[in-house]
Amino acid sequence: MRALFGPRGPLAEHLAGYEPRACQVQMAEFVDGVVDEDGRGVVEADTGTGKTLAYLVPVLRARHRAIVSTSTKALQDQLWTHDLPLAARVAGVAPKTALLKGRANYLCLLSLDDQAQSPDLLVGERLTNVQTWASTTATGDMAELGADATPDVLSNLTRGVDTCEGNLCPFHGDCWAERARARAGQADVVVTNHHLVFADAKLRGAGGEAAGMPLPPDGVLILDEAHTLDEAATSAFSAHLDDGRAARIMNAPRVRDSLGPDHTRAMSAVVAASARAFAALNRTVGLNRTTITDEIGPGLTLAESAHSLLEACEAIEDQDTRAWVSRRIHELAADADRVFRLDDPAWVHFAERARDGSLTAHAAPLEVDRLIHGATRHRPSVIASSATLTVDRSFAYLISRLGFGGAAELITEPAFDYRRQALIYAPADIQPPPTAGHDDEPYLAGLAHRLTDLVHASGGGAFLLFTSRRAMNDAWRRTRSAFPYPRFRQGDAAPADLLQRFREANNGVLFGLRSFWEGVDVRGDALRLVVIARLPFAVPDDPVVAARTEHLRNQGANWFAELALPRAALLLKQGFGRLIRSTSDRGVVAVLDSRLRRRRYGSTILRSLPPAPVTHRLDHVQRFFESRNPHGRAHVDR
Ligand code: SF4
């Protein structure tokens, strides 16, 4: 590995400006060892480590088949277009590769045909552009459409599993999604995402050969951005049922025609039970996600009546039609049973209302460790990697929550010189966030005041990150004329557009929520201050958070130490990660939540952050920005 990653090695030859990094070699050697022993490994490595090459090169060089999974489409595309070809050149191999996304990312030829015959007004003139692109694309991946991939184009020209016609589709042989799956089945390396990995495992668990599992059954599994696995697994293994699904299925011409008039009453009973179940939910669900606590009788009737229709499906003569209709009715019955049957303590049930007023009921697993373990245990080797996996230098949270017991562990050396490049400002002389129901005026006024001081000290170039829209909007209003720098606010434009304008401004101030805490990359001087307004503890009355907390309490566990604190520490670490993206970046992370200094758990959180000096004094921040030179440790708290 040292030779491959060395100053005269193939990576230096193929990557302009490459600088060897001890942490990258350390990680590559670790991955090499784990894979060689058919083991499981967890590795935390800084943003600047070059993690992707550190896991790809050893796996490719050993000529293992591999599934490489990450959390977002942007990261998938980066892996596919840049990192994987480079790693293959460095490893000196030419593997057969495939990029696999969810079905709804590919152009649906049946929908395109429908649109050509009766275009949707919202697709409008973009249809011509789509048709031109469709005649030349080699993948059918809608991401290639760029600006033409509007939400209306995507919703009218793609199909998810629910609406795909499968074998009955006249375009099945040419279908882009099917071709991508076929390529993945033959590939040596598949680049995919966590949701598909878990959806594949769910199908595998349900004996879903007939439905066609998307991923090859063997191969090393690499889970990048592994800090998102909890959320991805929770979502993939949850059951969801919206208020229109039963009617959509029962009114689908293929279902009606194939079941025939003998079953019209039974089909109407399914739709009526669904309407009654959601009418009952409607009376209890407010604007936020609401836990379902009482049994909803019509919901169980819906599950039973849908289930009883399955027998009628057996009489459908055409095999493909029978499979298509049975699958939809079976999934409807199973999901209705899961979301409305409340007797399994391993699940939390809740409902939420969309902006258009429609309702969806959900059932989410309380624990995902066994599900993740089950989804990955058939792989010869599994590597989970991220820049944020440890709390206070321990993988305990990851191992207990995500089922990585017994895995080999590595925390690489830092990729950056944090003592020289960064400063953490954690004041104690600021109002702590008030508890619910208390007057928050002093806190919000103090927050806006301190934000203003910090932005003046940095001369802009700041991300101000909030945990609630209300706090963000309040700070936005209070600081309206407080500083002379361009201001940007999440929600006022598309995130990519905001980021672009922020980068170009070089002295911009961006007010952001959760989506700016993670996965956002602004290198150089344009971002020199990251302010975290409040420690990012999860909202305690969110149904899933509340149920998981209660579950741990019932087990006699310390829910705060085992769940709330690690999650907040990891998210804070993600926020910190926005600041230092290269060896030449310098800046300040300010955490304007005095609990970090006043509560005992604050020291655990601070120890979880990169080893930058910590100060509670604003004049140290001002001096840091004035000099932008290494900050003397004598002036700081650590
Ligand atoms: S198989 Fe499904 S996704 Fe593919 S073209 Fe047909 S309906 Fe569309």
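We did not get these values from a lab; they are worked out from the coordinates using the rules stated. In this text, all values refer to a predicted model and were calculated from it rather than measured experimentally. Don't worry about glycine lacking a Cβ; one is built from the backbone with ideal geometry, like all the others, and counts go over all protein chains shown.
Multiplying the sequence separation of residue 344 and residue 523 by 0.36 nm and subtracting their Cα-Cα distance, what value in nm do you get? Spell out each step's value before the answer.
Working: separation 179, 0.36 × 179 = 64.44 nm, distance 4.80 nm.
So the extension gain works out to 59.6 nm.
Under a Cβ-Cβ cut-off of 14 Å, what is the net charge of the residues other than residue 23 that fall near it, where Lys and Arg count +1 and Asp and Glu count -1?
-3
Which angle between 0 and 90 degrees, to the nearest 10, do you get for helix 194-205 versus the longest principal axis of the chain when only C-alpha atoms count? So the inclination is approximately 40 degrees. Summing Cβ point charges (Lys, Arg +1; Asp, Glu -1) relative to the Cα centre of region 418-635 gives a dipole of roughly 580 debye. Placing unit charges on each Cβ (+1 for Lys and Arg, -1 for Asp and Glu) gives the chain a dipole about its Cα centre, and among 544, 57, 517 the Cα reaching farthest toward its positive end belongs to 517.
What whole-number distance in Å separates the alpha-carbon centres of region 500-562 and region 215-229? Taking the Cα centre of region 215-229 as reference, the centre of region 500-562 is 24 Å away. Between the Cα long axis of helix 319-340 and the first principal axis of the chain there is an angle of about 50°, rounded to the nearest 10. Using only side-chain charges placed at the Cβ, +1 for Lys and Arg and -1 for Asp and Glu, the dipole size of region 343-480 relative to its Cα centre rounds to 440 debye. Sorted on the mean count of surrounding Cβ atoms within 10 Å across their residues, most packed first, peptides 329-338, 535-544 read 329-338, 535-544.
Summed over qualifying helices (DSSP H, 4 residues or more, each -39500 (n - 2.57)) and divided by its residue number, the chain shows a 222 nm mean residue ellipticity of -13000 deg cm²/dmol. Full extension of the segment from residue 378 to residue 409, taken as 0.36 nm per residue of separation minus the current Cα-Cα distance, would add 9.1 nm. Counted by Cβ distance under 12 Å from residue 271, the other residues give a net charge of +4, where Lys and Arg count +1 and Asp and Glu count -1.
The relative contact order of the chain, computed from alpha carbon pairs under 8 Å that lie at least 6 residues apart in sequence, is 16 percent. Applying both filters, DSSP loop and at most 15 other Cβ atoms within 10 Å, to the trypsin sites (Lys or Arg not before Pro) of region 42-122 gives 63, 96. Placing a pseudo-label 7 Å from each Cα along the Cα-to-Cβ vector at residue 134 and residue 584 gives an inter-label distance of 4.7 nm. Compared with the dominant Cα axis of the chain, that is its longest principal axis, helix 441-458 is turned about 60°.
I want the local charge near residue 361. Using Cβ-Cβ distances under 12 Å, sum +1 for each Lys or Arg and -1 for each Asp or Glu among the other residues. So the environment of residue 361 carries a net charge of 0.
Farthest toward the positive end of the dipole of the chain, out of 147, 402, 16, is the Cα of 16, where the dipole comes from beta carbon charges about the Cα centre. A DSSP coil position with no more than 14 other Cβ atoms inside 10 Å describes the following trypsin sites (Lys or Arg not before Pro) in region 463-522: 480.
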